[in-house]
Amino acid sequence: MTGDAALDASAGPASRVTTSLPKLVAHVAAQYRLGTVADWSVLDTGYEDCNLDVRAEHGRMVVKVFAAGRPASVPARTAAIIAAARAVGVRHPRLYRDASGEYVHQFDGHWLIVMDHAPGQTYYEMSRPPSEAELAKVIEQAALIHRIDMRPEPVFDPWAIANLVPLAGQVGHLLDDEQRRLVDGAITDLATVDWDALPHALIHADLTAGNVLLSPEGEVTILDFALANRWPRLQELAVIAASLMHGSPGSLPERMRHVAGLYSAVAAVPLSAREEEALDGFGRWAAAMELLGGLNMWMRGARGPETDLLLVLGTAGLRDYA
């Protein structure tokens, strides 16, 4: 399993880069034949890596600079998954090749990839959940991702439901009495599932508000495949229902059933009876992971609106199962 070095979540994205950003931008412009750079800025989103919005003579691109300490296997793996996703019709910005014909490039100890800038806003930027029509498009994208016949080396995903118990042990002292009771109930419930008996697929694993973008034309674009792994496909649906759909009508159990119905209507293989029975459990566990993950970020110093939202939606989702 590929692992990552400890990342500094307390500072902004630029702090995750140990080289000169102006020099990096100039180097990328030359290596990727972008022409004269008119302007560039750091995108202030996410807890890992550093994304740069570059406006150049030959277009507008996003440079994803992987944080210092990331092994070379992570960016190479990410680029390969993006290429495979685009090949099956997933809407992700097109990747660019450098002067040597490679998607992944290195500069001064940092690995990076370059992609088109996708016009529009993420749901995090819009501060709202998807409409019904937009949700259907997100589910269609998830179903396409699950068709990818690929088994990449696993990467450690601290947000995966499988890590609920160890994460609760790390941040449990930060839970209030109500949250402790709700999380303990989710952990007890988790022990009843036969994980290996559930259908697995390559999933995006992070279809949250910050990774789904809506274009001016109403199309959705999927961003950031860095945490894609082979997990039960129910985990994908649970993250959509618990996180992306926070603020939508209905309780989390109701949103889970709604997402499941939309998914079975477009998936190559509809949800099985065993998966239908596990819907409530996965919704509950996904909510617990949002809460615990938010507390983990808070403990590491990442204290802002993005972390606050995780604490709110995680607690709210767990209450729907109380």
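The values are calculated or read from the model by the stated rules, or taken from the named source; none is laboratory data. Keep in mind that what you see is a predicted model, and the values were worked out from it rather than measured. For neighbour counting, all protein chains shown are included, and Cβ atoms are generated from backbone atoms with ideal geometry for every residue, glycine included.
Can you name the condition, by its number, that M299 falls short on among (1) farther than 24 Å from S251 by Cβ; (2) buried (at least 19 other Cβ atoms within 10 Å of the Cβ)?
(2)
Please find, within region 208-265, the residue that is nearest to A84 (Cα to Cα) out of those that are within 11 Å of the chain's Cα centre (by Cα) and among the β-branched types (V, I, T).
The selected residue is I222.
Quick one: is A72 in contact with a strand residue (DSSP E or B) (Cβ under 9 Å, 6 or more places away or on another chain) and of a type in the set (A, V, I, L, M)?
Criteria met by A72.
Here are R94, R128: which of them is outside the structural domain of G247 (by TED's automatic domain parsing) and over 16 Å from A72 (Cα atoms)?
Just a single option satisfies the conditions, and that option is R94.
Hey, could you check region 98-124 for residues that are charged (D, E, K, R) and free of Cβ contacts under 8 Å to residues at least 60 places away in the same chain and say which is surrounded by the fewest Cβ atoms within 10 Å (Cβ to Cβ)?
Among them, the one singled out is E102.
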